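The block underneath contains the structure these notes are about, expressed in structure tokens.
A short reminder: the numbers here are calculations on the coordinates, not readings from a lab. Source: prediction; values computed, not measured. Every residue, glycine as well, gets a Cβ built from its backbone with ideal geometry; the counts of neighbours run over all protein chains shown.
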């Protein structure tokens with residue numbers, strides 16, 4: 001099916017080029033936008049899982065989805081500090097005084113990319129598309145990983161969803177009191193109680209607009225349409241070889257959007273090069289999946305990639321001790337852009353696991369000893385090559401809700417870890433050199449780990465650390481997509497993972513341990529009534545000191561029970577070839593393809 005659609009899309013481009021050739025005034029001119037001669041070449045280090053924004057939760061699939069689908073809001077590309085602005089909405093939401101009623105107006109004249117599902121007719125985006133899409137998020141059959149955005153929050157939804165669970169299928173035409181299209185372009189959301197984080201959710205692809213006709217044409221038994229994404233965004237999918245290559249082409253029907261004319265003082269040169277250009281300028285984006293770091297960097301050095309994030313293990317080849325570009329790259333015109341990611345790299349413990357889970361004192365002591373025994377300084381210096389700092393709290397420094405001078409992190413202290421294990425009965429009872437459980441059974445940790453060389457190196461660091469405190473550890477090796485499934489299904493006792501926010505709120509991290517999100521984002525399966533109550537309180541207040549204080553109380557609960565090793569905050573280094581134009585490092589949009597351009601003359605000359 002994908003090849004057939006790609007052929008149709010290719011034919012459309014050829015027809016467009018043929019028409020352009022018939023116009024004498026434009027025959028010798030470079031296309032003003034979406035130039036099919038411009039191909040941007042990039043890579044992902046981890047394979048995607050699919051392109052239905054309501055059925056996926058992995059970071060790399062979301063990059064593609066953000067290029068295809070339109071949420072109501074987005075971050076201004078150049079504004080610093082970061083600022084959310086309307087995308088398909090005409091303005092920021094109108095919120096009632098009690099915080100429960102949200103009224104949003106959708107821009108007129110935005111159209112979905114052409115697709116056979118529309119039977120040859122232009123298909124305009126309407127408020128009803130957001131109503132349908134958000135019902136998909138709630139649909140029990142979907143098992144949406146971001147169900148927590150709306151679950152239990154919309155007035156009148158529970159009754160409709162209860163019927164769907166009985167019937168095995170949601171009636172999408174059944175009215176929901178709190179989710180309505182008042183007219184063709186006006187959306188009304190009525191909540192049971194205030195949720196001032198909701199605006200951030202509305203900037204994410206799991207709340208972007210999909211067309212009902214497309215889902216009904218291509219959806220599988222679960223209602224997922226993973227291989228046929230059709231949105232209103234700047235690009236559309238034309239080729240997909242799973243785990244190998246993803247190809248996007250500019251959407252010929254994309255609305256007239258222009259490069260921003262204002263930004264930070266340091267953006268003057270960038271803006272001058274892009275001023276007035278219609279978006280997107282690049283007609284084709286090719287994404288290669290390259291899982292190992294050495295092949296990634298060989299591809300960049302061979303100029304097969306236009307920009308790439310430096311793998312942490314290769315930082316010494318690229319940067320000097322002061323994190324500056326080495327002369328060879330600087331002389332080649334390569335540019336460095338670096339920033340701390342709004343991300344947390346942590347390791348969770350499955351609280352339902354028979355060895356590391358549980359809430360008794362001896363289980364808490366075991367988890368705390370494991371965290372104390374992990375040589376995090378070595379992890380930072382060796383595995384991250386200094387491009388990370390130890391986490392002090394669940395919310396990273398550049399995200400709303402982070403508190404300065406607040407630290408609940410557990411520090412590396414193997415001596416205290418050993419003493420704690422001894423005190424709670426985790427001793428070597430049979431003389432084989434390894435600690436046993438308090439009941440005398442062998443103590444063996446099991447941790448998820450991908451098949452990449454990078455993860456093998458981290459496994460060695462974990463093995464060395466655990467051996468030093470007398471604990472055996474083994475690794476469950478699988479490809480990343482399979483580990484993701486296992487984690488959600490509670491089949492991994494431990495797993496080092498990362499979580500990044502693209503909506504800039506501390507909520508993105510604190511929800512990871514909310515019990516209502518078990519089976520979705522709460523891989524630790526942590527349950528604590530006080531934590532849950534505080535999480536619900538945090539959503540009822542606006543961003544500010546009161547919410548920050550709630551987050552600190554929640555962080556102390558995490559420290560008390562140790563469902564996580566808090567891990568580190570990562571620094572990301574991006575190298576760009578000199579012919580890439582329009583790039584501004586944006587921590588909430590790692591791949592801003594629609595804003596980029598290519599200087600083909602410079603690329604060809606080099």
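What the table below lists for this structure:
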| read-out | value |
| --- | --- |
| Residue 352 versus residue 574: modelled label distance in nm, points set 7 Å from Cα along the beta carbon direction | 3.8 |
| Computed E for residue 423/residue 529 - FRET, C-beta separation, R0 25 angstrom, nearest 0.05 | 0.35 |
| Gain in span if fully extended, residue 337 to residue 468, counting 0.36 nm per residue against the direct Cα distance | 43.3 nm |
| Least to most buried among 166, 285, 318 (fewest other Cβ within 10 Å first) | 166, 318, 285 |
| Span per principal axis, largest first, for the Cα atoms of segment 343-570 (Å) | 57, 36, 34 |
| Nitroxide proxy distance, nm - points 7 Å out along Cα→Cβ at residue 193 and residue 381 | 4.8 |
| Cut-off 20 Å, label 7 Å out along Cα→Cβ of residue 314, residues of segment 348-388 by amide N | 381-388 |
| Cα gyration tensor shape of segment 483-592, rounded if a/c is under 1.5, else prolate or oblate by comparing a/b with b/c | oblate |
| Label-reachable residues, segment 221-265, where backbone N falls under 18 Å from a point 7 Å from residue 600's Cα toward its Cβ | 248-252 |
| In degrees, nearest ten, helix 127-138 long axis to first principal axis of the chain (Cα) | 20 |
| Likely footprinting exposure, 151, 439, fewest C-beta neighbours within 10 Å first | 439, 151 |
| 0 to 90° range, to nearest 10: angle between helix 361-373 axis and the chain longest Cα axis | 70 |
| Theoretical FRET efficiency, 1/(1+(r/R0)^6), r = Cβ-Cβ of residue 177 and residue 359, R0 45 Å, to 0.05 | 0.70 |
| In nm, spacing of pseudo-spin labels at residue 557 and residue 476 (7 Å Cα→C-beta vector) | 2.6 |
| Shape call, segment 35-157: gyration tensor on alpha carbons, a/c limit 1.5 | rounded |
| Least to most buried among 257, 216 (fewest other Cβ within 10 Å first) | 216, 257 |
| Stretchable slack from residue 245 to residue 460, in nm (0.36 nm times residue separation minus alpha-carbon distance) | 74.3 nm |
| Segment residue 298-residue 37, length gained on full extension (0.36 nm per residue, minus Cα span) | 91.5 nm |
